[in-house]
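One structure is given here, and the rest of the page talks about it.
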Amino acid sequence: MNSPFRASMQITKQKVAEMFKEATEEALNRLQTPSILEHINEKDECLIVFDYLMLDHVLHQHGVHSEEFRALEDKYSIFNEVSLRGHIQALVDKLFEVNEHPKFKDPAPQ
């Protein structure tokens, strides 16, 4: 997903990668807490909430707004960054696992 915004902050690729890794780890931890899970009603909402939690972390810990962070991710092609491949795959695997939470199971046919 390409950002329609242009990055205006001077943040290095390494720093953006560090922020991405830190924020996604924190978002994943928060996503799995009962107080968050109880407010999610459908599988598809997990990814939306995860994204919000990640961007919330970046804003509050680093002072970077969501549009700016998305532009920086795009500028540096963070999702293609070799050093983050293992981290991104682990995130994907964990998000699939969260989506398999018993709360989201389809009811048994009657």
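Where in segment 17-106 are there helices (runs of 4 or more DSSP H), lying wholly inside it, with at least 3 residues that are free of Cβ contacts under 8 Å to residues at least 40 places away in the same chain and surrounded by fewer than 17 Cβ atoms within 10 Å (Cβ to Cβ)? Before you say what the answer is, go through the steps one by one.
Details: elements: 34-37, 43-62, 66-75, 85-99.
Answer list for segment 17-106: 34-37, 43-62, 85-99.
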- Looking only at segment 68-101, count how many residues are of a type in the set (Lys, Arg), more than 23 Å from Glu45 (Cα to Cα) and within 15 Å of the chain's Cα centre (by Cα). 1
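Quick note: the coordinates plus some simple rules give every number you see, no bench work behind them. Treat the numbers as computed from the prediction; the structure is a model and nothing was measured. Here Cβ is always computed from backbone atoms with ideal geometry, including for glycine, and neighbour counts include all displayed protein chains.
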